[in-house]
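Chemist: The structure that follows is given in the form of structure tokens.
Each value in this text was obtained by applying a stated rule to the coordinates, not by laboratory testing. Owing to the predicted nature of the structure, the values given are computational and were not obtained by experimental measurement. Glycine gets a Cβ as well: all are built from the backbone with ideal geometry, and neighbour counts include every protein chain shown.
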């Protein structure tokens, strides 16, 4: 693994399990995070889009984060999502993460008002960073225009890096647009850029990306880690082709309910399939179809030891 | 004024003033709400889009609402915005409003995830209503696709009314699409529909709308109320033409910063101009241009008595 100051490698935006009453299930959450690390995730990004992070209340996010750290997961491997529409909420969540020693935070722009000015977004981040007022803070910008609609144009990224060079240190690019990722990498060498999908992992690494932060790491971290660890070897393209094919097969299904259905199936734990509205869980038939398609077509099978951790490492 | 069970008339989505430190300014807020009622607003909708409602934290919204009621504003005239991306937050805000006796709540759909299924939105509202679990709850759906992106299709409105006939009682239509407003009015007689702009006030009233909920009520409630009170009179079209012209002139400027600049100018209180990022206040020159254009072209001048209330009524 390349030595870097900040984050690098294969980062999972962790799925959030819910209990029967709809509240976050801390026990299942911690076990899943442990398993992801055993499977090869170099770090975890709870409360992202895949985590239904914006469907969680502030207290819920903070309690889950504390549970991970109480369980012994090192906070420098955690990059929680702390973005919010309200500056005051973003400050509360970010300060909490910094106080717990988290290695960084993944921050959405305020996403309610559309087409904000560059200056308005600049002020939001400046006020947030100054409001937290802690030199330990490391911000990773979360660029996901297909969902948030509001994103980080290249000029804004440049202004943020220039004004806060020791704080604004990276970006997750979930635009799905490789030319955008490439433009950021070219403009800002050393900036820690993570494509938001393993589809761009190998070409990203070849251009200086730090790794990837991808929803599918929740079910296929080991294979994605294989590309990360071997990207300079001759068979790297063949490894990438396999994770590309699997990713495309997964994303043909509704992403979040499908990932949860896979965990429910392989853990033999139907409760894992629960989602918060506005999502709807897959039907039994849809879940079976997803399991079968991904197992038969791509060999996707998840294995868990009795303690819920990785069978491979625990065995 | 037509007698109706719920809300009707001219409702202001109240602007939220901020202090020097960026926190909501309760004193200015209460004084503004008092003035709006004196000017002719039949009710107030704090924490809407114009209020920068989603730029406020949960505690901030709840404290401002309590301050209004503590000051003696009748809660049955209040329709606070209680929507949130997280169901748990929506339940907390809504229960708080119901416990305070608010006449209704104006609820956005969860707006982070785009293109949610009808079933997913149905479940969000069902879980919210059942989570609050109070028969006093009256929900007004907040349809504002230009901003929230997620809206209420006609079929979903029908399902919500059918399942919760005593709870889901109305809708604010800020689509800007009169044909949508007309379709809702035709499909659901008795449902309290408020166009989100006074541009559609007169044609709305003629088709059974309950009034309007409009940003510009923050500066021109009296004229809008004039149309509401006189809509069956022969000069109604001439009155409507005046408020239409003013509205079009206001919306040629950036709406929220401009409304705040107008209040700052006429109250001689520069602090009123403050906005939260991602908004940016008008420059001095832009503010002067807005004041001049609206005063010279449309006779817009705001008058306040020394106590901050309506000069006309206080004098």
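Chemist: Could you give the distance between the Cα centres of the stretch A:31-73 and the stretch B:11-70, to the whole Å?
Modeler: Cα centroid of the stretch A:31-73 versus Cα centroid of the stretch B:11-70: 36 Å apart.
Chemist: Return A:11, B:243, A:73 ranked ascending by Cβ neighbour count within 10 Å, so the fewest neighbours appear first.
Modeler: A:73, B:243, A:11
Chemist: Using only atoms on other chains, find how many Cβ atoms lie within 10 Å of each Cβ of peptide A:144-152 and report the average.
Modeler: Working: counts 0, 0, 1, 5, 4, 6, 1, 0, 0.
Other-chain Cβ atoms within 10 Å of each residue's Cβ, averaged: 2.
Chemist: Turning to a different aspect of this structure: So how tilted is helix A:118-132 from the main axis of chain A? Cα-based, degrees 0 to 90, rounded to 10.
Modeler: 80 degrees
Chemist: What residues from the stretch B:202-239 fall in the zone where the backbone N is under 16 Å from a label point 7 Å along the Cα-to-C-beta line of residue B:293?
Modeler: Answer for this model: B:216.
Chemist: Grab the DSSP H runs of chain A that are 4 residues or longer, score each as -39,500 (n - 2.57), total them, divide by all residues and round the 222 nm result to the nearest 500 deg cm²/dmol.
Modeler: Details: 13 runs with 144 residues, N = 315.
Mean residue ellipticity, 222 nm, calculated: -14000 deg cm²/dmol.
Chemist: From other protein chains only, count the Cβ atoms within 10 Å of every residue's Cβ in A:275-287, then give the mean.
Modeler: On the way: counts 2, 9, 16, 20, 8, 8, 0, 0, 0, 0, 0, 0, 0.
So the per-residue partner count for this stretch is 5.
Chemist: Assign one of three labels to the stretch B:1-117, namely rounded, prolate or oblate, based on the Cα gyration tensor with a ≥ b ≥ c the square roots of its eigenvalues; rounded applies when a/c is under 1.5, prolate when it is not and a/b is larger than b/c, and oblate otherwise. All intermediate terms of the calculation are to be shown ahead of the outcome.
Modeler: Numbers: a/c = 1.69, a/b = 1.18, b/c = 1.43.
It is oblate, given that a/c is not under 1.5 and a/b is not larger than b/c.
Chemist: Using alpha carbon coordinates only, what is the Rg to Rh ratio of the protein assembly as shown, with Rh defined as the Kirkwood radius? Write down the numbers at each step before the final one.
Modeler: On the way: Rg = 25.9 Å, Rh = 25.8 Å.
Looking at the protein assembly as shown, the ratio lands at 1.00.
Chemist: What nm value, rounded to one decimal, do you get for the distance between residue A:248 and residue B:178 when each label is placed 7 Å out toward the C-beta?
Modeler: 4.9 nm
Chemist: Rank-order B:161-172, A:211-222, A:188-199 by packing density, defined as the average count of other C-beta atoms within 10 Å over each peptide's residues, highest first. Don't jump to the answer; show the numbers that get you there.
Modeler: Numbers: B:161-172: 18.3, A:211-222: 26.2, A:188-199: 22.2.
Output ranking for B:161-172, A:211-222, A:188-199: A:211-222, A:188-199, B:161-172.
Chemist: I'd like the distance between the alpha-carbon centres of the stretch B:166-190 and the stretch A:218-293, rounded to an integer number of Å.
Modeler: If we compute the Cα centre of each part, the gap is 41 Å.
Chemist: Per residue and in cubic angstrom, what volume does the convex hull of the Cα atoms of the stretch A:46-174 have?
Modeler: On the way: hull volume 12.1 nm³, N = 129.
Normalising the Cα hull of the stretch A:46-174 by residue number yields 94 Å³.
Chemist: Here's another thing I want to ask about it. Counting other beta carbons within 10 Å of each residue's own, what order do B:94, A:42 fall into, fewest first?
Modeler: A:42, B:94
Chemist: If you don't mind, another one. Under the rule a/c < 1.5 gives rounded, and otherwise a/b versus b/c splits prolate from oblate, where does the stretch A:239-309 land using the Cα gyration tensor? All intermediate terms of the calculation are to be shown ahead of the outcome.
Modeler: Values: a/c = 1.85, a/b = 1.19, b/c = 1.56.
Judged from the Cα gyration tensor, the stretch A:239-309 comes out oblate (a/c at least 1.5, b/c at or above a/b).
Chemist: Okay, next question. If one takes the longest principal axis of the Cα atoms in chain B, at what angle in degrees, from 0 to 90 and to the nearest 10, does the Cα axis of helix B:58-70 lie?
Modeler: 70 degrees
Chemist: Let me ask something additional. Can you give the FRET efficiency to the nearest 0.05 for residue A:21 and residue A:203, using r as the Cβ-Cβ distance and R₀ = 51 Å? Write out the running numbers ahead of the final one.
Modeler: Details: r = 44 Å, r/R0 = 0.87.
Efficiency, from the Cβ-Cβ distance: 0.70.
Chemist: On a 0 to 90° scale, report how tilted helix A:26-39 is relative to the longest principal axis of chain A, with both axes built from alpha carbons and the result rounded to the nearest 10.
Modeler: Result, in degrees: 90.
Chemist: From the P(r) of chain B, can you give the percent of Cα pairs sitting at distances over 37 Å? Present the calculation step by step, with values, prior to reporting the outcome.
Modeler: On the way: 5187 of 49455 pairs.
The calculated P(r) of chain B puts 10 percent of pairs beyond 37 Å.
Chemist: Okay, next question. When Cβ neighbours within 10 Å are restricted to other protein chains, what is their mean count per residue of peptide B:117-123?
Modeler: Values: counts 5, 2, 4, 7, 3, 3, 6.
Taking all residues of B:117-123 together, the mean is 4.
Chemist: Beta carbons within 10 angstrom, averaged per residue: use that to sort the peptides A:109-115, A:35-41, highest first.
Modeler: Details: A:109-115: 21.0, A:35-41: 22.9.
Highest-to-lowest ranking by the protection proxy: A:35-41, A:109-115.
Chemist: Using a/c under 1.5 as the rounded threshold, could you call the stretch B:189-291 rounded, prolate or oblate? The axes a ≥ b ≥ c are square roots of the C-alpha gyration tensor eigenvalues, and prolate needs a/b larger than b/c, oblate otherwise.
Modeler: On the way: a/c = 2.78, a/b = 2.03, b/c = 1.37.
Here the stretch B:189-291 falls in the prolate category.
Chemist: Given the C-alpha centroids of the stretch B:123-142 and the stretch B:81-109, what is the distance between them in whole angstrom?
Modeler: After rounding, the separation between the Cα centres reads 8 Å.
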